[in-house]
Amino acid sequence: MGKFQVMDHPLIQHKLTMIRNKDCGTKDFRQIVNEIATLMAFEVSRDMPLEDVDVQTPVAVAHAKQISGKKVAVVPILRAGIGMVDGILDLIPAAKVGHIGMYRDEETLEPHEYFVKLPSDIDQRQVFVVDPMLATGGSAIMAIDALKKRGASSIKFVCLVSAPEGVKALQEAHPDIDIYTAALDEKLSEDGYIIPGLGDAGDRLFGTK
Ligand code: PRP
Ligand code: URA
């Protein structure tokens, strides 16, 4: 079973509380989502392999380290996942970015895929799938299905708020995936919202309510 980690760093928790507040407007919401994504990227990238390298400083040769291994692809699930991309790129600027378009049918809560565009070498990359919300898990499961179908094998899922139902479903469907979340909330409402959650992440990010 992959790792499941709730990121309890005080800065992450404080910023998450700010965006949960219904009075947090679009501009602040967007900025803080990116800030949390940056802080999460720090931890999500912790197990990146390092290799030894000699570097000439102005004084002497330093026996130092540099990141080796797979290059990174950040893959947001549209729309709301877009809100986390810049924050991750702040730390990993050379990452490539793929996009998976997915929307939930508001009645059935079933996800529907409408767009997939990935780096051509996605099978060679460490993939960070990002979406602020893991509710039923349907969108994340289908997005990871789409990635695996195209050869991706090293995948981590990064979200801000998750529901126990979604975590369970994602772990069952993709037990090899590591899941990182800033909060594990209480439950899902009957209409598929995370309680207490933060509402509709896409609408709050883009001001489309
Ligand atoms: C939201 C959210 C996730 C999905 C989570 O997207 O950003 O992608 O719901 O729900 P699930 O775990 O039950 O699948 P939504 O379908 O509202 O689309 P949007 O990002 O375009 O607003
Ligand atoms: N998608 C959201 O944006 N919010 C929820 O609470 C559940 C799914």
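Each value in this text was obtained by applying a stated rule to the coordinates, not by laboratory testing. The shown structure was predicted, so the numbers you read here are calculated from the model rather than taken from an experiment. Please note: Cβ atoms are built from the backbone with ideal geometry, for glycine as well, and neighbour counts cover all protein chains shown.
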- line: Summing -39500 (n - 2.57) over every DSSP H run of at least 4 residues in the chain and dividing by its residue count gives a helix-only mean residue ellipticity at 222 nm, to the nearest 500 deg cm²/dmol, of -10000 deg cm²/dmol
Using θ = phi - 60° and Karplus 6.51 cos²θ - 1.76 cosθ + 1.60, couplings along region 176-181 (whole Hz; Gly, Pro as x): 7, 8, 7, 10, 10, 9
field: 0 to 90° range, to nearest 10: angle between helix 138-149 axis and the chain longest Cα axis
entry: 40 degrees
- request: For residue 71, go through the lysines and keep the ones whose alpha-carbon is under 26 Å away, minus same-chain ones fewer than eight residues off.
  value: 3, 96, 117, 148, 149, 156
message: At 7 Å along Cα-to-Cβ for each site, give me the label-to-label distance between residue 150 and residue 121 in nm.
response: 1.6 nm
task: At 7 Å along the Cα-to-beta-carbon direction for both residue 65 and residue 171, put a label point, then send me their distance in nm to one decimal.
output: 2.9 nm
- prompt: Once both axes come from the Cα atoms, what is the angle between helix 164-173 and the longest principal axis of the chain, in degrees from 0 to 90, rounded to 10?
  reply: 60 degrees
Estimated vicinal HN-Hα couplings, Hz - region 42-59 in sequence order (Karplus 6.51, -1.76, 1.60; Gly, Pro = x): 4, 7, 5, 8, 4, 8, 4, x, 10, 10, 6, 8, 9, 10, 7, 7, x, 10
task: Would you list, by chain and number, the aspartates and glutamates whose Cα falls below 19 Å from the Cα of residue 27, excluding same-chain residues fewer than 8 positions away?
output: 35, 86, 90, 131, 200, 203
message: Sequence gap at least 6, Cα distance under 8 Å: using those rules, report the relative contact order of region 57-209 to the nearest whole percent.
response: 20 percent
